[in-house]
Amino acid sequence: MGISIANGALRLVSGAFILNSGINKLRLDEASAAGLQQMASNGIPQLGELDPASFGKMLSIGEISLGSALLLPLIPSRLAGLGLGVFSGALLASYLRTPGMTESDGIRPTQDGTALAKDVWLAGMAVALIFSRRSAKKARNKK
């Protein structure tokens, strides 16, 4: 089971970014957790049913788990890509459904929405990991 240099780069960059974000959220105060929860519940309404402290812990653990899965070469790239796809899909759903984040066309970000819209790069990385071809060496060995 090898990881191509391209997949390794995608996994390293996204995994380190998400792992760091999750570690930083371990110290999240309740007011900050409530703010993140409000935005997340725009994309996934069921998240609004949790108490903010539980949501903050769940988000932190989820980000640490996903970041670790992306960084561990034992996890297949397609599986890590699926996890990244779900995560980035939730981020983009929150962006698209939060009032004031997009221009009148519903897609282009406002100045306030740029911080969330930039997460589209995570979705692109997920697609690349999910649909990447096997390495040329593996393809030759299959013949």
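The values are calculated or read from the model by the stated rules, or taken from the named source; none is laboratory data. Every value quoted in this text rests on a predicted model; they were computed, and no experiment measured them. Glycine gets a Cβ as well: all are built from the backbone with ideal geometry, and neighbour counts include every protein chain shown. Surface accessibility is based on the protein's heavy atoms, side chains included, excluding ligands, DNA and RNA. Shrake-Rupley method; radii C 1.70, N 1.55, O 1.52, S 1.80 Å.
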Practice task
Give the carbon-plus-sulfur fraction of the accessible surface of the chain in %, rounded to a whole number; probe 1.4 Å, heavy atoms of protein chains only.
Solution key: 65
Handout entry: Cα-based Rg / Dmax (Å) for region 36-75
Key = 12.4, 35
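Using a simple charge model, +1 on the beta-carbon of Lys and Arg, -1 on the beta-carbon of Asp and Glu, nothing else, what dipole does region 5-143 show about its Cα centre, in debye to the nearest 20? Write down the numbers at each step before the final one.
On the way: 15 positive and 9 negative charges, 294 e Å.
It works out to roughly 1420 debye.
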Completion exercise
Computed from the beta carbon distance with a Förster radius of 22 Å, FRET efficiency for residue 120 and residue 32 to the nearest 0.05 stands at 0.40
Handout entry: Sorted largest first, extent of region 12-67 alpha carbons per principal axis (Å)
Key = 33, 22, 14
Exercise for the section: Treat each spin label as a single point 7 Å out from the Cα along the C-beta direction, and report the residue 61 to residue 9 distance in nm. Expected result: 3.6
Completion exercise
For residue 102, the residues 5 or more places away or on another chain with a placed amide H closer than 5 Å to its own amide H are 110
Exercise for the section: Show that you can apply the helix-only estimate: for the chain, add -39,500 (n - 2.57) for every DSSP H stretch of four or more residues, divide by all residues, and state [θ] at 222 nm to the nearest 500. Expected result: -22000 deg cm²/dmol
Handout entry: Extended-chain gain in nm, criterion 0.36 nm per residue less alpha-carbon gap, residue 90 and residue 44
Key = 15.8 nm
Problem - Rg over Rh, two decimals, the chain (C-alpha only, Kirkwood Rh) - result: 1.04
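Could you provide, to the nearest whole Å², the per residue accessible area of the chain with probe 1.4 Å?
Working: 8660 Å² over 143 residues.
Per residue, the chain has an accessible area of 61 Å².
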Fill in the blank from the handout: Per its Cα gyration tensor (rounded if a/c is under 1.5, else prolate when a/b beats b/c, else oblate), region 32-101 is best filed as oblate
Exercise for the section: Note the full-extension length gain between residue 71 and residue 53 as 0.36 nm times their separation in residues minus their Cα-Cα distance, in nm to one decimal. Expected result: 3.8 nm
